[in-house]
Amino acid sequence: MHPSLSFDQAPPISVPYRFFLAAPWFGVMAGILLAWSGGDALASRWTPEVLALTHLIALGFMLQTMCGALFQFIPVAVGGNVWRPKLVANTVQPLLLLATLLLVAGLLFSRPGLLSAAAPLFLLAIGGFVVVVALALWRTPATGMTLWALRMAIGSLAITVLLGSLMVEALAYGLSVPILELANIHLAWGLGGWALMLLAGVSYYVVPMFQLTRPYPLWFTRWFGPLLLLLLLAWSSQLLVDDARWPLLVALPLLLLVSVYAGMTLWLQYTRRRKIHDATSMCFRMAMASMLAFAISGATFFLLPELGADPRFVVWLGMLAFAGVFVSAITGMMYKIVPFLNWLHLQRLGAPLSSVPNMNKMIPPEAMTGQLRLHALAVVLLLAAVWQPGLARLAGVAFAASCAWLGWNLVGAVRRYQTFRDRIRAAGLHH
Amino acid sequence: MSITAPLFQHHKHCDELFAAAEEACADGNWAAGEGAFALLVDQLETHFTSEEQLLFPAFEAATGMTSGPTEIMRGEHRQMRDLLAQMQAALASRDSDAFGGGAETLLILMQQHNMKEENILYPMCDNALGASDVGALLAERLKAS
Ligand code: HEM
């Protein structure tokens, strides 16, 4: 039988929330940084500002929320036991926060000291996280493609961080390494192997659940993850294969695979049974549309070298991936998870259920859709600013404002949780 | 066919009923909403009681696990019944915000409950009860409803 199955081991609510509450403010920092630097910052992928912006979002926004979500998701969705979640979260989250700030400052101001200090912190924080999560994922008796996607994602996170640390030390100490190839491999594992793999694994589970869609077809979930992994390995072999056509040969199938996932998700949502539109479904649609745009732009980049020669082109790809795909998708997930966790933990306090407010009372739906509209506007401005540097400051302000609104919505949800918790406890004392 | 297959299919049936009730009430179409919601309550109740009266006791008797997964599932049934009662009250007072909020909450609770059953508990039941007649009883009861 399944004796070690953790059916109901959701961690204390503070575990995911400490990650969720921190993340939006990194987005705010990114917006302010762009507003402050102006349009020249986006001239190429190698400006210090772009490298800093990239990691503010990749590590400050995405990795924060994804770590927090995994603490919640692993026990509930794949029955895994995370070892002492509260202790691990309380250690990993501040370390991650500090390491991210050091790395970003080091990249932005070209300070070798900050860079080489960041790397060991990442290895400690993410190394610890990876070990704890991997143990939970390999010990669970559950099966299924979500579980396999999570396993591949956590492995890819380890690879991403190792490569990142290697580059950081190389930059700090002036070692000669093939930095362009390493950066390209690092970003593929970070965005593809970690972020996209995780998003896909989680979507297999939540897309049918939130929108009452049909499940992803079995052939799709069976092949998507392994193919992605295989293509990333092939992509990484550009270090060894000395043929300029090799990246193109790998990138096109990779982009095709990415568009199949995006197209499939849009199709499932289009044919869903539930007819209600909510903030989460809009976020997902925005993310998937951006992913399709990313795949088409990426293919253009490889197939039409004249266009791809403009150094701004890769920045455009980055905007689509970070602001368009991942910030949107993650926002949508938090807008569903946070109200539900509030409700779940409140009703566990033992109050009569009718005294626990429903999910729509936790974050007002108008506050979510309003923030989303601003986010959509910010994404459009960011994309335009890549080609029209004059728009960069405005885009930065819009993105900062949208992230601040997201942060405010989440803070409001936590405050509501605390108010109701105190009320329920006080009522309990009078009985 | 596995003995829990009828329950599995009945989940999908309840999903359809849920979507219909939610849509009608969100559109302010209360007359249709009342009918759809009554059907949903009826089918969910049939589903819960089939599990509580047939499947869970058989599983507990076969495995000796009385305080494990089945206990959690019973607790979630209780939560869903409470939410349905709240939605019923909202429907009676034509309060579409309260109904929508209740529906949103019920949907997630119901879906993650179904996932746990379909991915974990039902396979365990199929293993433990493969040779019994529980499957036929379940199929009969769900069909009759
Ligand atoms: C886990 C998520 C991560 C993602 C998604 C990610 C993403 C990226 C991307 C997209 C680039 C290319 C930037 C560009 O072309 O403008 C990049 C470069 C880089 N990343 Fe990361 N990264 C991650 C984590 C890390 C970590 C943890 C470190 C450090 C320990 C790191 C250090 C670097 C360095 C040093 C570069 C190259 C900078 C240069 O060549 O000057 N990254 N990363």
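Taken together, the values in this text are just the output of simple stated rules run on the coordinates, not laboratory data. Keep in mind it's a predicted model, so treat the numbers as computed, not measured. Reconstructed Cβ throughout: ideal geometry from the backbone, glycine too, with neighbour counts over all protein chains shown.
The table below lists the values:
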item: Reach of B:Lys143 by Cα under 25 Å, taken over lysines that are not fewer than 8 positions away in the same chain; result: B:Lys12, B:Lys116
item: Cβ-based exposure ranking for A:Trp138, A:Trp343, in which fewest neighbours within 10 Å come first; result: A:Trp138, A:Trp343
item: The stretch A:7-421: translational diffusion in µm²/s, Stokes-Einstein, Kirkwood Rh over Cα pairs, 25 °C, 0.890 mPa s; result: 113 µm²/s
item: Sites excluded, trypsin sites (Lys or Arg not before Pro) in DSSP loops with at most 15 other C-beta within 10 Å, longest stretch of chain A; result: A:1-244
item: Burial ordering of A:Ile296, A:Ile363, B:Ile120, fewest other beta-carbon atoms within 10 Å first; result: A:Ile296, B:Ile120, A:Ile363
item: Cα-based helix-to-principal-axis angle, B:134-144 vs chain B, degrees rounded to 10; result: 30 degrees
item: Partner chain coverage, peptide B:104-115 - average Cβ within 10 angstrom; result: 6
item: Rounded to 10°, Cα long-axis angle of helix B:30-50 versus longest principal axis of chain B; result: 10 degrees
item: Expected 222 nm ellipticity per residue - DSSP helices of 4 or more, -39500 (n - 2.57), all of chain A, to 500; result: -25500 deg cm²/dmol
item: Inter-chain Cβ neighbour average for residues A:273-280, partner chain, 10 Å; result: 4
item: Reciprocal mean inverse distance between Cα atoms of the stretch A:109-214 - Kirkwood radius, Å; result: 15.4 Å
item: With Cα atoms, 0 to 90° folded angle of helix B:5-26 axis to chain B main axis; result: 10 degrees
item: Low-density loop cleavage sites - trypsin sites (Lys or Arg not before Pro) in the stretch B:54-85, where at most 12 other Cβ are within 10 Å (DSSP); result: none
item: Bins of 5 Å, starting at 0 and running to the largest distance - Cα pair percent for the stretch B:1-116; result: 2, 11, 21, 23, 17, 11, 7, 5, 2, 0
item: Chain A: DSSP helices with Cα axial extent of at least 27 Å and average Kyte-Doolittle hydropathy no lower than -1.0; result: A:14-37, A:85-109, A:112-139, A:145-173, A:218-236, A:246-270, A:279-303, A:328-347, A:365-387, A:392-430
item: Charge tally in the Cβ shell below 13 Å around A:Arg421, where Lys, Arg are +1 and Asp, Glu are -1, A:Arg421 excluded; result: +4
item: For A:359-365, mean number of other protein chain Cβ atoms within 10 Å; result: 4
item: From phi via Karplus (6.51, -1.76, 1.60), per-residue ³J(HN,Hα) for the stretch B:65-82 in Hz, x at Gly/Pro; result: 8, 9, 10, x, x, 5, 5, 5, 5, 4, x, 6, 4, 4, 4, 5, 5, 5
item: Normalised contact order of chain A, rounded percent, pairs of Cα under 8 Å and 6 or more residues apart; result: 20 percent
